[in-house]
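Working notes, structure below.
The values are calculated or read from the model by the stated rules, or taken from the named source; none is laboratory data. If you're wondering where the values come from, they're calculated on a predicted model, not measured in any experiment. With ideal geometry, Cβ positions are generated from the backbone for all residues, glycine too; neighbour counts draw on all protein chains shown. Keep in mind that these areas ignore ligands, DNA and RNA; they rest on the heavy atoms of the full protein, side chains included. Shrake-Rupley method; radii C 1.70, N 1.55, O 1.52, S 1.80 Å.
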Amino acid sequence: MKLTDEQIEIINSSGDIKINAVAGSGKTTTIIEYAASRPPQSRILYLAFNRSVKNEAVKKFAERGLHNVCVETAHSLAYRNIVYSHNYKVQSPVYRSYEISEILKLRNAGERHGEFIIANHISKFISYFCNSDAEKVGELNLCDVISDAEAQAFVSKHYSYIEDQTRIFLGKMNTGAIGITHDFYLKKFQLSSPELGFDYILFDEGQDASAAMLDVFKKQKAVKVIVGDTHQQIYGWRFAVNSLEKAGFRTYNLTRSFRFGQDIADLAMKILKWKDHFKKHDAVNISGESSVKKGKVNAVLGRTNLGLLLKAVETVNERKDIRHLYFEGNINSYTYADEGASLYDVLHLYNGKHRLIRDKIVRQMKDIKELQSYTEKTGDNQFAMIVEIVKKYGNSLPGIIRKIKGMHVEDDDRKKAEVIFSTVHRCKGMEYDTVEIVNDFMTEERIIKQAEELKKDKMSYSALTEEINLLYVAVTRTRNILIIPHELIPDNFSPSENIKIFKAETKNKNENTHSGKGRIPFEKPDFGSVKKDKTYSVDKIREKHKSAYKKWTEKEDDELTKLYCEGANLNTIAGHFKRTIGSIRARILKLELEDIYG
């Protein structure tokens, strides 16, 4: 393998350094060769961004024969040092707003559902503090990380109460009175000022590290190497900081991308120049590898779950050649908010069927408008997106989701998928032969308009910077062909052999928006046919299915509705209730589930 001059310079460097590496520039290869060039007795720590990156790195270091390299994530280090020694119980999944409200016995502060809104902001404050390098909660101001005007107004009004309750909740976790979060044990690890005992520490994906982990990293006596891409920071909403910019080390660059050609590189650089509309950005020259690679891994990348879901609907409806598809990450996660409420909970609220709602917060809402008001006061964008999906597609949704899930393949069969769907956050570090960009990213026109508004209100540009980074990351996932909406192309940029530009279709204003009355023409689920049994008798059916003629309870109807909405087939449902397929079909018709949910 021939290394570039930039890679050789990094490998031969000494002392603490930072490496700014453009997409596809071989940073992992560079880090491995850097480690290989160090004395064999050296104790080397490689810090990976997440578990999947860690597992891949373990394999690559082993293949290179580097058994002196310890591969960890920040959380795996902290877990071993904190959770075991304090005998803590880890809370998973994270605390939901209603749980925080119940634990703290919160008051509603004179607002409808105010206790849940306050709990939501307490959750944010806990995460903000735990990911920061601050020693005390009072050193931070939650309003600094809330961009939504209505949510900020709510927090300002109730700030003292939110801050006090945040301290109380942190105290309960610290004493072990309640389970601790993953963020909490990472914070406790940072506050313990650990000495890790390595000669070299290689910190990957530094642009998305938390301030807490950066603090641990910088305080080590080891030779420190931090690597990443300043323009790939897309986790600011999780309180990540651009650690590359904060580390005052000697800077090296990897500017040659082996992933794509110069035309893709030129487009990526033009998109990054949008940052000049509100601040002078650190320009980077990307040199693209010109060779065209053949392959058939096709991906559709969206900015949001909503945009991606709509594109998936359009794709499976229009392209009859697609038999298999795959969603990066768990497909079910695309229909759930972080708080745990499902798309089906919101749909039941939309239909006024409160008894079917499982999520405690959604169940408390009078109607969909009240839930929308809640999302505005909390600034919960994921929840807000689910509301928008339900408002747009209404009762067509279960049929749509069933259709998509019916085509979805498991992880082991990923290669069978004709199309892979993913949000940018879920495909971080991935690459595909062909990438189609969903038209839900911010355009240059919107960037300029929003920058003017932020300047007027003296607000931070960090969220706007991240929006541009999201499009840059999406564009640079391709190895070959990029299909991109015309609206997202910078001015005076022309298509090329590898860049296909299309104009998104505009819907007629009077066209039905699939609110539930006019449905997308999805096929009805195939419930199959029941073979006639020549020896059919009521006694024989009762012998095999003891509940066959038992009266249905309201609880069973609710369970049946849930299973139907989630796409379970008739055999599975029949087995669950110990009834015949005919009985299940009859109950589905009786409850009008096909008419209501498609």
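Points worth noting:
- Among (1) modelled with pLDDT of 85 or more; (2) open to solvent by 50 Å² or more (accessible area, probe 1.4 Å); (3) not in a loop (DSSP other than H, G, I, E, B), the one test that Glu245 misses: (1)
- Qualifying residue in region 455-475 (condition: open to solvent by 30 Å² or more (accessible area, probe 1.4 Å), assigned to a helix (DSSP H, G or I) and touching a Leu at 6+ places or on another chain (Cβ under 7 Å)): no
- Residues satisfying the stated conditions in region 255-267, i.e. within 13 Å of Thr478 (Cβ to Cβ), in a helix (DSSP H, G or I) and within 28 Å of the chain's Cα centre (by Cα): Ile264, Ala265, Leu267
- Where a residue in region 127-154 is free of Cβ contacts under 8 Å to residues at least 60 places away in the same chain and its partner, wherever it lies, is in a helix (DSSP H, G or I) and open to solvent by 60 Å² or more (accessible area, probe 1.4 Å), with Cβ under 8 Å and at least six apart: Glu135/Leu191; Val137/Arg167; Cys143/Ser156
- Pairs are defined by a Cβ separation below 9 Å, a sequence spacing of at least 6 or placement on different chains, a first member in region 435-453 that is farther than 22 Å from Ile420 by Cα, and a second member that is basic (Lys, Arg) and open to solvent by less than 10 Å² (accessible area, probe 1.4 Å); the pairs so defined are Ile447/Lys275.
- Cross-chain or 6+ apart pairs with Cβ under 8 Å, region 478-497 first and open to solvent by 10 Å² or more (accessible area, probe 1.4 Å), then in a loop (DSSP other than H, G, I, E, B) and of a type in the set (Ser, Thr, Tyr): Glu487/Thr443
- From the options Cys130, Cys143, residue that is assigned to a helix (DSSP H, G or I) and open to solvent by 20 Å² or more (accessible area, probe 1.4 Å): Cys143
Quick grid of which residues meet (1) hydrophobic (A, V, I, L, M, F, W, C); (2) free of Cβ contacts under 8 Å to residues at least 12 places away in the same chain; (3) closer than 17 Å to Met430 by Cα:
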| residue | (1), (2), (3) |
| --- | --- |
| Lys18 | no, no, no |
| Gly24 | no, no, yes |
| Ile31 | yes, no, no |
| Leu47 | yes, no, no |
| Lys54 | no, no, yes |
| Lys60 | no, no, yes |
| Val69 | yes, no, no |
| His86 | no, no, no |
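- For region 563-592, the tally of residues that are closer than 19 Å to Lys405 by Cβ, open to solvent by 60 Å² or more (accessible area, probe 1.4 Å), modelled with pLDDT under 80 and not in a loop (DSSP other than H, G, I, E, B) stands at 0.
- Gln364 vs. criteria touching a residue at least 24 places away in the same chain (Cβ under 8 Å) and polar (S, T, N, Q): yes
- Output for region 106-117, where each listed residue is part of a helix (DSSP H, G or I) and touching a helix residue (DSSP H, G or I) at 6+ places or on another chain (Cβ under 6 Å): Glu115, Phe116, Ile117
- Leading residue by the ranking (modelled with the lowest pLDDT) among those in region 272-299 that are more than 30 Å from Thr315 (Cα to Cα) and of a type in the set (D, E, K, R): Asp282
- Unmet criterion (only one of (1) within 21 Å of Asn480 (Cα to Cα); (2) among the hydroxyl-bearing types (Ser, Thr, Tyr); (3) under 27 Å from the mean Cα position of the chain (by Cα)) for Tyr235: (1)
- Candidate set: region 414-449, residues that are in a helix (DSSP H, G or I) and open to solvent by less than 70 Å² (accessible area, probe 1.4 Å); chosen: the one nearest to Tyr326 (Cα to Cα): Arg414
- Flag for Val409 being touching a Leu at 6+ places or on another chain (Cβ under 7 Å), open to solvent by less than 20 Å² (accessible area, probe 1.4 Å) and β-branched (Val, Ile, Thr): no
- Among the residues of region 196-215, those that are of a type in the set (A, V, I, L, M) and assigned to a helix (DSSP H, G or I) comprise Ala211, Ala212, Met213, Leu214.
- Subset of region 173-187 (residues that are more than 20 Å from Arg51 (Cβ to Cβ) and assigned to a helix (DSSP H, G or I)): Met173, Asn174, Thr175
- Residue within region 337-357 that is aromatic (Phe, Trp, Tyr) and open to solvent by 30 Å² or more (accessible area, probe 1.4 Å) present: yes
- Some residue of region 322-330 being assigned to a helix (DSSP H, G or I), open to solvent by 50 Å² or more (accessible area, probe 1.4 Å) and polar (S, T, N, Q): no
- Evaluation of Arg323 against (1) within 21 Å of Leu470 (Cα to Cα); (2) of a type in the set (Lys, Arg); (3) touching a helix residue (DSSP H, G or I) at 6+ places or on another chain (Cβ under 7 Å) (one fails), failing number: (1)
- Residue-level check: of (1) more than 25 Å from the chain's Cα centre (by Cα); (2) open to solvent by less than 40 Å² (accessible area, probe 1.4 Å); (3) closer than 24 Å to Ile100 by Cα, Leu202 misses just (3).
- Criterion (part of a loop (DSSP other than H, G, I, E, B) and basic (Lys, Arg)) met by exactly one of Lys224, Lys270, Lys275, Lys279: Lys279
- Selection status of Ile103, within 23 Å of Gln372 (Cα to Cα) and either open to solvent by less than 40 Å² (accessible area, probe 1.4 Å) or part of a helix (DSSP H, G or I) (or both): no
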